[in-house]
Every structure is written in C-alpha cells, then in structure tokens.
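Here's the structure, in structure tokens; my notes come after.
The values are calculated or read from the model by the stated rules, or taken from the named source; none is laboratory data. None of the values given here were measured: they were computed from a predicted structure. All Cβ positions, glycine included, derive from the backbone under ideal geometry; neighbour counts span all protein chains shown. For the accessible areas, the whole protein counts, side chains as well, though only heavy atoms, and no ligand, DNA or RNA atoms are used. Shrake-Rupley method; radii C 1.70, N 1.55, O 1.52, S 1.80 Å.
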Amino acid sequence: MSRLDVLYAARDNYAMTLGVSIESLCANNADIGTMTIYVLDDEISPANKDLLVSVGEKYSRRVELIDVAGLRAQLVALGVEPHKGTYTTYYKLLAVNALPAGADRVLYLDCDTIVEGSLLPLVDVPLSGPCGGTYDCMLNSHKSAIGLDPHDRYYNCGVILVDRAAWRAERYEERIVDHLTSVRATYYIVDQDIMNVLFHDEYTYIDLRYDVNPSFEIYGVEATLAMYDLRPAYYNSADEVRTELAVPVVLHCMGAMTGRPWEQNNIHPWNDLFDYYRSMTPWASTPKTRVRIPRVFWLQRQAYRLLPRAVYVRAHRLAYSVFLSRRDAATRT
C-alpha cells in the first residue's frame with residue numbers, strides 16, 4: 001500500500017491558510033493509501049487545532065499536531081534569532097528526526113500551498129540523496145551574496161521531499177546545527193538559504209509541477225525567465241517550463257504586489273481556487289485578512305498595470321536586485 005506523510009509548520013494566524021492547504025491535499029489524494037499529516041504547532045489556538053483535525057477526519061486522514069517547544073528551546077540555545085518575531089520557518093530544519101515513526105518519505109509543504117493534483121508519483125520518484133525539490137526563481141546576485149556560484153542551482157524550500165533514512169544517515173540535522181553555530185545563523189531567506197548553502201549539490205530535482213511559482217501565470221514564461229535572468233545552465237528552458245507546468249500539482253501562493261489569496265483586495269491569480277477550497281473548510285465564512293499594502297508593492301502594482309510588459313520586466317528586475325542586496329547586507333551585520 002502506498003504511503004506518504006506530509007509535514008507543515010504554522011502559527012495561529014495562518015490556521016485558515018493551512019486548513020485550505022490540507023483540504024486541497026486530502027481532496028485530491030485519495031489514491032494514496034496511508035497518509036499522516038503532521039503540523040509543527042507554533043501556538044495554534046485550541047479551537048483552530050480542532051478545526052484542522054476535523055478537516056483530516058472528513059477524509060479519514062489523521063492530522064497530528066506536534067509541540068515545538070523543544071525545537072524552539074534548541075534554536076534559542078543555539079543563539080539563532082527569530083525571523084519576524086518567530087522561529088516557525090526554522091522548525092522544519094530540525095523536525096525530521098523528531099517525527100514519530102511512519103513513512104519512509106515525508107513531504108514538507110508550506111501552508112501557502114494548494115494541492116491541485118495527486119502526489120502519488122512522489123512515493124516512488126528516485127532520490128539520489130536525502131531530499132528533492134524544485135528550482136526557485138532567484139537572482140544570481142542573491143546566490144553570490146550567500147556564497148554560492150551564480151550558476152549553482154537554487155531550490156525553493158516551500159516543498160521538500162525527504163527520505164528520512166538518508167536524512168539521518170547523511171547527518172543533515174547535525175550539519176545544519178553546526179552551520180548555525182559555527183558559520184552563519186542569519187539569512188534573509190532563512191531556512192531556504194541555509195538548505196541551499198549546505199545541500200544544493202545534493203538535491204534531487206523534482207519538476208516544477210510540484211512547486212509552481214505564480215510568476216509564470218502572472219507574467220508569462222518568457223517574461224519570468226527574463227525577469228530573474230534564469231538560464232538553462234542553472235534553470236529550465238522555456239519549453240521545459242511549459243511542459244512541466246502543463247499539469248500543475250502543487251501551487252505555491254507566493255506573492256508581493258499581488259497580495260496573497262487569503263488577504264482582502266488581493267489580485268493573486270489563484271484567489272478563486274483558494275476560495276473554492278476554503279468554501280469546503282470550517283473557515284468558509286471567516287473574513288479574509290485585512291492588510292495594508294506596503295508602498296513599494298502598491299507602486300509595483302501600479303507599474304504592472306500601466307507599463308508595457310518589457311519595460312516592467314526590466315524595472316522589476318532592477319528593483320528586486322536592489323531590494324535583495326539591501327536585505328542581504330542587513331542580515332550580515
């Protein structure tokens with residue numbers, strides 16, 4: 001019988017978003033025989049915990065909340081500073097060894113994902129090392145800033161397929177802890193930068209359909225590749241992107257100027273899909289989050305609406321490069 005366990009991490013303010021992701025996961029993966037859904041519980045309220053469990057029960061799936069107090073204490077002892085007031089994004093780095101006995105493979109998903117298809121192929125996809133993932137849309141200047149070669153492949157860590165035995169055998173957790181204590185503990189893209197710095201050459205590539213970046217839908221394939229200077233030497237060709245995204249499976253609801261699907265007044269391309277799955281959850285009538293759009297994103301949204309696409313792409317690339325350079329410099333001080 002097929003088995004794939006799934007791991008999330010969330011705070012209480014992301015409970016609705018997580019519930020929508022779990023709903024979509026369960027609704028589209030009845031073909032996986034056994035699946036336990038683990039949630040690294042960063043102070044989720046008792047009411048929301050019950051609701052999350054109820055989403056799984058509707059599909060005869062077990063949702064197990066895992067207390068992160070021990071992981072938090074470990075990070076504090078290591079001298080790691082919280083990111084935006086929380087350690088949530090760090091927890092997955094230290095959680096694999098602590099999970100209860102279960103499937104040989106665990107799929108980590110950010111809670112801002114919508115699972116639109118079957119994950120069954122991931123049960124048997126070959127892994128050459130402890131983990132697999134998809135390339136991220138990342139500027140070369142950021143790779144250089146964290147010590148990678150500009151032509152190194154850079155992976156998104158919102159979706160990570162983990163071989164638990166290999167993770168332990170290759171001492172991934174110990175290597176992460178050593179890096180945090182002996183080399184560097186602070187990065188702008190936090191866990192993702194750490195994983196790429198340490199393990200980018202040990203990753204197994206899993207095609208883009210399992211971690212779809214909304215940029216391809218917002219801007220188009222060619223414009224996105226140009227915007228981030230993504231070349232076949234360290235990314236995919238335009239034809240490969242189109243082929244792999246023909247049947248998307250995991251949609252990763254990243255966003256900046258579009259806002260996010262759970263926010264009011266967003267223009268995210270997957271807003272309607274998010275609302276579709278939300279309508280099936282206990283949060284169907286919960287108001288979306290009110291947010292104040294940062295001025296830089298408001299200006300970006302106006303530029304997107306008004307400028308010719310070719311001009312916008314160049315402007316976006318320049319502005320994002322400056323933004324990342326400043327953030328990278330800030331995290332090194």
**Label-point separation, Arg242 to Ala303 (7 Å along Cα→Cβ), nm** = 2.8
**the chain, accessible surface, carbon-and-sulfur percent (1.4 angstrom probe)** = 52
**Message:** I want the local charge near Asn48. Using Cβ-Cβ distances under 13 Å, sum +1 for each Lys or Arg and -1 for each Asp or Glu among the other residues.
**Reply:** -3
**Request:** Report the FRET efficiency, 1/(1 + (r/R0)^6), for Ile218 and Thr86, where r is their Cβ-Cβ distance and R0 is 35 Å, rounded to 0.05.
**Result:** 0.80
**Item:** Estimated vicinal HN-Hα couplings, Hz - the range 244-252 in sequence order (Karplus 6.51, -1.76, 1.60; Gly, Pro = x)
**Value:** 6, 8, 4, 10, x, 10, 10, 9, 9
**Asked** For Lys49, which lysines qualify as cross-link partners when the Cα separation must be under 24 Å and same-chain residues fewer than eight apart are set aside?
**Response** Lys58, Lys84, Lys92, Lys288
**Fill in**
Counting all Cα-Cα pairs in the range 1-149, those more than 22 Å apart amount in percent to 46
**Message:** Charges at C-beta only: +1 for Lys and Arg, -1 for Asp and Glu. How large is the resulting dipole of the chain about its Cα centre, in Debye rounded to 20?
**Reply:** 1160
**Contact order relative to length of the range 215-333, as percent, for alpha carbon pairs under 8 angstrom and 6 or more apart** = 23
**Item:** Antiparallel %, DSSP beta bridges [both residues in the chain], to 5
**Value:** 40
**Message:** Where in the chain is the longest stretch that carries no trypsin sites (Lys or Arg not before Pro) classed as loop by DSSP and with at most 14 other Cβ atoms within 10 Å?
**Reply:** 172-289
**Prompt:** In square angstrom, what is the accessible area per residue of the range 48-120 with a 1.4 angstrom probe?
**Reply:** 43
**Request:** Please figure out what share of the DSSP beta bridges in the range 1-100 is antiparallel and state it in percent, rounded to the nearest 5.
**Result:** 5
**Request:** Could you quote the convex hull projected area for the range 211-250, Cα atoms only and averaged over all directions, in nm²?
**Result:** 2.6
**Prompt:** Can you give the accessible area per residue of the range 266-333, in Å², using a 1.4 Å probe?
**Reply:** 69
**Fill in**
The answer for the range 202-254, accessible area per residue at 1.4 Å probe in Å², is 37
**Sites matching chymotrypsin sites (Phe, Trp or Tyr not before Pro) across the range 160-256 that sit in DSSP coil, with at most 14 neighbouring C-beta atoms within 10 Å** = none
**Message:** Can you pull out the chymotrypsin sites (Phe, Trp or Tyr not before Pro) in the range 1-102 whose DSSP state is coil and whose Cβ has at most 14 other Cβ atoms within 10 Å?
**Reply:** none
**Message:** Starting from 0.36 nm per residue, how many nanometres of slack lie between Val183 and Ala330 once their C-alpha separation is accounted for?
**Reply:** 51.3 nm
**Request:** Would you mind listing how long the chain runs along its three principal axes, going by Cα atoms, in whole Å with the largest first?
**Result:** 51, 47, 38
**Asked** By how many nm would the segment from Tyr276 to Lys49 grow when fully extended, if each residue of separation counts as 0.36 nm and the alpha-carbon distance is taken off?
**Response** 79.6 nm
**Complete:** Expected max-MSF residue from Gln74, Gln302, Gln264 in the GNM of the chain (alpha carbon, under 10 Å) is Gln302
**Prompt:** Looking at the chain, do any whole DSSP H helices span at least 30 angstrom along their long axis by alpha carbon and average -0.5 or above on Kyte-Doolittle, and which?
**Reply:** 309-331
**the chain: relative contact order as a whole-number percent, Cα under 8 Å and 6+ apart** = 19
